[in-house]
Amino acid sequence: MRVCSNHFVSGCPSSLGDVESVDWAPTVNLGHQRSKPRSEASLQRDQRMKLKAEQQRRSECVEAMLDLSAEHPLI
């Protein structure tokens, strides 16, 4: 069986003895997607995680600003 160069990362297969090479076996354009489409629950979970991370970042910024203002009062 012959496989065309479109199925190898470098465009051609490696030698038969080079089993450590990424091109030892065809891995590209094999007729399927790399990952499954994400479910609605997964997308919602991702949104919640991003929102939580943003809230945490803002909280840390506020704490840093309050610490600075306590160290260097304006009045």
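Here is a check on your reading of the model: is ARG58 part of a helix (DSSP H, G or I), under 24 Å from the mean Cα position of the chain (by Cα) and surrounded by 10 or more Cβ atoms within 10 Å (Cβ to Cβ)? Yes. Going through (1) surrounded by 10 or more Cβ atoms within 10 Å (Cβ to Cβ); (2) modelled with pLDDT of 80 or more one by one, VAL28 falls short only on (2).
The values are calculated or read from the model by the stated rules, or taken from the named source; none is laboratory data. Only a predicted model underlies this, so the values are computations on that prediction, with no experimental measurement involved. With ideal geometry, Cβ positions are generated from the backbone for all residues, glycine too; neighbour counts draw on all protein chains shown.
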